[in-house]
Amino acid sequence: MDTALDIGLKLVAITVAFVVVLLIVAYTVLAERRVLGFIQGRLGPNRVGYGGVLQPFADLLKFILKEDIVPDKSTRFIYFLAPVIATMAALMTMIVYPFGPEIRIPFTGITIPLTITRLDIGLLYVLGVTSVGVYGIMLAGWSSNNKYSLMGGLRSSAQMISYELALGLSLIGVIMLAGTLDLGQIVEMQSGWHGTRWFIIFQPLGFIVYLTAAIAETNRVPFDLPEAETELVAGFHTEYSAMKFALFFLAEYINMFTVSMLATTLFLGGWNVPFAEDIFGRGTFLFGLVSAIGFLLKVVFFLFLYIWLRGTLPRFRFDQLMSFGWRILLPLALLSIFITATLIFLFPNL
Amino acid sequence: MLALLFLLFAALAVGCALAMVAQRNPLYSAISLIGVFVSLACLYIMLAAPFIAAVQVIVYEGAIMPGVVFVIMLLNVEVEERRTGRLKFLVPAAVVLAFVLFAEVAFILASMQEFYVTPASASANVGVTHSIGTALFTQYLLPFEITSILLLMAIVGAMTLARRGGLLSPNARVIPGAQQLPLSIVDASVGIEDTRAVETDTTDEAARLLGYERLRDESERE
Amino acid sequence: MKQRGCSDTSACAMSQSENNEMEPQLSWYLALSAVLFTIGVTGVIIKRNIIAMFMCIELMLNSVNLTFVAFSSFFQDVTGQLFVFIVMTVAAAEAAVGLGIIIAIFRNRESLDVDEASILKL
């Protein structure tokens, strides 16, 4: 019966994480519209609810009630499968991130870890599952039976596959420093010394390469040519309407969120808030709460960075994008590995 | 419990494999093959080999199968038609021979006596990344290096096969209005009647090859 | 065939008691691998499309991978998994070059039917 309780707890944890992720993603969409508005000198949506807070629910209602148009000559099975694959791949990475340390609930004495599960190969799992997300885009572009969708789908998936290399290679420096693929372990190795052991200090080049590759992976500005509205109608999701488009939209924002969480976990020390240990002491409820809030704030910072970039930079042309990924980013990632390996070899006492 | 999981993943694998062979649309075959790979990755995790499972997902499903799906989409492969006429007997013959092969393997498996094996447990240390990495870089270093040379050969081979236009550099950037010229301008050994077309980089190079002296602004290139 | 029984009775008894829970045996994995392999062989024989034949070959490679990993897990030897690693790498290299060849064949013949590619002349 032990396993039944474990499974029950895990299901509750997964449901909570799912709901929290969806809420955060919905409010990221709203935040993007308002922040972009402020950058561009206008107000974003601020009518629904106080300051626009209920806007995501209005959007959800709109998506549900819209007419669902399926193109006549499309391959129906793959047409319906594609957004499912994209969203599933985006959501499946949620389970390995450590949202906080072990938290002790004050009046019951139960200690719950703030991770859904700890996998030995956590980082490899994340990389593998994001590779599967490419299929959603490819199959969407193909099955719509539309020239623009096909071109957008092929370009987008070629871009994602190319930048996956730089993404994976930039993380090897972190793996070499940490000596493990377990994300919880990596966060714990960055604690202590009040924020000076965060891996961003040891891996600045790796961080920049990772961030650039991640922005390209999630098809965001400045790498969003395959889905820009002025370029290829709407890219691979031209023919999708209503709920299926909402799934693609959701998948893109969940990918952004995932990538931000990975950046926080690997480079900014995860849930380590600089002086929280001294003030609260490890293992107490307040320490756990402050750490989780700190994690959330760091993730929100990365999301804000995404939105800021969208409002600021123009987009790359596709051949510039591909040559940037292969000729500049990939050698930089290899250089980062080389430098890290040399430094670890020369100074093994870090 | 574990046996149920094994049966689930095994049924999924066999079902997707049968679907792959029975489908006539190659894109559906590719998707079924992805299903086979996913269920095999789950089986590897059941065998306490998580690193191999993750590598299977990354390499097979993340790299090889998108490549295959790309080729299917780009070449616009059509649905296979049934064989007609004299060769219709081949499909049932193949199925019968497959059963014969499986019967032979089953006979071999059944005639082995049950020997003492320890069942795989989750605490096994064999599949852990650390042990694979240690063995890969110490005991099996030579196969590792040879494999890396093999990959280099594959990269060079794939680039050579996919290249068009013979002698032009693959760094050519396609800009609107690229010229198409007959092959004999670039490759002098080919006769003039060979009308295969060659795409050149820019109007500059086309002009140069045609004998005109045109000075264009070089800043346009970057 | 020589009977290889339990040499160490206490360990054998432990294995017997664990068998009450019906853990998947090695022979199950080998049988599954044999089934997948035969399905792959059937596919290579039946299919006319080059890409489909290529995918059936990948299926055969994967069934062999499963055999290797099963043996490596049951005999606690890491060599099997390393071999799988190498096999995957070779399969990736073969996929790259093979797909290049398929594209080249398609460019010349405009068809991917192996039954039609029966003479050397284009």
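Quick note: the coordinates plus some simple rules give every number you see, no bench work behind them. These figures come from a predicted structure and were not determined experimentally. When we count neighbours, we look across all protein chains shown, and the Cβ atoms used for this are built from the backbone with ideal geometry, even at glycine.
Shielding of peptide A:98-106 by partners, expressed as the average count of other chain Cβ atoms within 10 Å per residue Cβ, is 0. Take C:22-32, B:42-52 and order them by the average number of nearby Cβ atoms within 10 Å per residue, most first; the result is B:42-52, C:22-32.
Taken over the C-alpha atoms, chain A has Rg and Dmax values of 21.0, 64 angstrom.
The phi torsions of the range A:92-108, fed into the Karplus equation with coefficients 6.51, -1.76 and 1.60 and a -60° offset, translate into couplings of 5, 6, 5, 7, 9, 7, x, 7, x, x, 5, 10, 10, 5, x, 9, 10 Hz, rounded to whole numbers, with Gly and Pro shown as x. Among C:56-66, C:95-105, A:48-58, B:135-145, the peptide with the highest mean count of other Cβ atoms within 10 Å heads the list, and the full ranking is C:56-66, C:95-105, A:48-58, B:135-145. Going by a ≥ b ≥ c, the root eigenvalues of the Cα gyration tensor, does the range A:1-135 fall in the rounded group (a/c under 1.5), the prolate group (a/b larger than b/c) or the oblate group? Since a/c reaches 1.5 but b/c is at least a/b, the shape of the range A:1-135 is classed as oblate. Close amide H partners of A:I103, meaning residues 5 or more places away or on another chain with modelled amide H under 5 Å apart, are A:I112, A:L114. Peptide A:171-182 is shielded by partner chain Cβ atoms: per residue, an average of 1 of them sit within 10 Å of its Cβ. Per-residue 3J(HN,Hα) values for the range A:255-263, derived from phi via the Karplus relation 6.51 cos²θ - 1.76 cosθ + 1.60 with θ = phi - 60°, read 4, 4, 5, 4, 5, 5, 5, 5, 4 Hz in sequence order (x marks Gly and Pro).
With a 10 Å cut-off around each Cβ of B:89-100, the average count of Cβ atoms from other chains is 3.
Order these peptides, B:25-36, A:29-40, by their mean beta-carbon neighbour count within 10 angstrom, highest first.
Listed from highest to lowest mean packing, they are B:25-36, A:29-40.
Residue-wise HN-Hα couplings along the range A:287-303, as the Karplus relation 6.51 cos²θ - 1.76 cosθ + 1.60 with θ = phi - 60° gives them from phi, are 4, x, 5, 5, 5, 5, 5, x, 4, 4, 5, 5, 5, 5, 4, 5, 5 Hz; Gly and Pro carry x.
If R0 is taken as 51 Å, the Cβ-Cβ distance between A:I39 and B:L74 corresponds to a FRET efficiency of 0.85.
Spatially, the range B:1-54 and the range A:282-346 are offset by 34 Å when compared through their Cα centroids.
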